[in-house]
Amino acid sequence: MMTNLFSIFDPSTNLLYLPLNWISTFIGLMFIPYSFWLIPNRFYFFWNFILNKLHKEFKTLLGNNSNGSTFIFISMFTFILFNNFLGLFPYIFTSTSHLTLSLSISLPLWLSFMLYGWINNTQHMFIHMIPQGTPSILMPFMVLIETISNIIRPGTLAVRLTANMIAGHLLMTLLSGTGPNLPFYFLFFLVIIQILLLILESAVAIIQSYVIAILSTLYSSEVN
């Protein structure tokens, strides 16, 4: 039962052994180019307003030495947001519900932050491992705890995004599967519940992309 239940998240559709489901990852790119050649409309101004707000917030977190690095996190926010939303449409593969994609985003970022910090700011990285005011007897334990918490950061970023995407889709799948067995007068309530869940999933799609971008920004600000 569990194998059949979670098999809906498997990228099983293929043509000539090519996993075509992953093409959905690039569908979001279709929404971007037209804003550069069409007359600016309300969608363009709304999206530009969001990007400016994100740029100001990320710049505040990174400090004055950001030097355009906010665009990395804005691009990551946009990419994850498009993939989360596209997964809400029927018959479109949700690529962000797989650790393959989420780890491919979080792990290179974390590695680049660590390499930059340990090569250029070695003393700062050592100081950061021991919080100020820590008793001498607890220093080895604090170093161990901080090291472990630092190592698992890319995993927690990836698992957080994947688990939240799977949980909502799985709940909607389970509820929709009970539809044929329900009496007719219960179908109305089922449709209302599904619509509410879809609204909740839309909010989760925005929140999770924002959380990933903010946490990545905070991790990068710690190495300076």
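Each reported figure results from applying straightforward, stated rules to the coordinates on display, with no laboratory input. This one's a predicted model, so the numbers in the text were calculated from it and none came from an experiment. Cβ atoms come from the backbone with ideal geometry, glycine included; neighbour counts cover every protein chain shown.
Per-residue Karplus couplings for the range 193-207, computed as 6.51 cos²θ - 1.76 cosθ + 1.60 with θ equal to phi - 60°, are listed in order as 5, 5, 5, 5, 5, 5, 5, 4, 5, 5, 5, 5, 4, 6, 5 Hz, Gly and Pro entered as x. Take the Cα of F71, step 7 Å toward its Cβ, do the same at L187, and the gap between the two points is 5.3 nm. Panel values: the range 63-147, Kirkwood radius from alpha carbon pairs, Stokes-Einstein at 20 °C and 1.002 mPa s, translational diffusion coefficient 132 µm²/s. Placing a pseudo-label 7 Å from each Cα along the Cα-to-Cβ vector at W118 and L171 gives an inter-label distance of 4.0 nm.
Computed over the range 96-224, the Cα gyration tensor eigenvalues convert (square root of 5λ each) into semi-axes of 44, 15, 12 Å, ordered from largest to smallest. Each principal axis of the Cα cloud of the range 107-168 was taken in turn, and the coordinate range along them, longest first, works out to 46, 27, 14 Å.
I'd like the FRET efficiency for T156 and L198, computed as 1/(1 + (r/R0)^6) with the beta carbon distance as r and R0 of 25 Å, rounded to 0.05. Efficiency, rounded to the nearest 0.05: 0.40. The long axis of helix 42-62 is offset from the longest Cα principal axis of the chain by roughly 30 degrees.
Show log10 I(q)/I(0) for the chain at q = 0.11 Å⁻¹, two decimals, from a solvent-free Debye sum over equal Cα scatterers. The computed values of log10 I(q)/I(0) come out as -0.72.
For Cα pairs less than 8 Å apart in space and 6+ apart in sequence, what is the mean separation divided by the residue count of the chain, i.e. the relative contact order in percent? Present the calculation step by step, with values, prior to reporting the outcome.
Numbers: 166 pairs, mean separation 64.0, N = 224.
Once normalised by length, the contact order is 29 percent.
Using only Cα atoms, figure out Rg for the range 165-224 and give it as a multiple of 2.2 N^0.38 Å.
On the way: Rg = 17.6 Å, N = 60, 2.2 N^0.38 = 10.4 Å.
Normalised by 2.2 N^0.38 Å, the Cα Rg of the range 165-224 equals 1.69.
Dividing the summed helix terms, -39500 (n - 2.57) for each DSSP H run of n ≥ 4, by the number of residues in the chain produces a 222 nm estimate of -22500 deg cm²/dmol to the nearest 500. The stretch between T178 and V211, if pulled fully straight at 0.36 nm per residue, gains 8.6 nm over its current Cα-Cα span. Rounded to the nearest 0.05, the FRET efficiency derived from the C-beta distance between V143 and I50 at R0 = 25 Å is 0.05.
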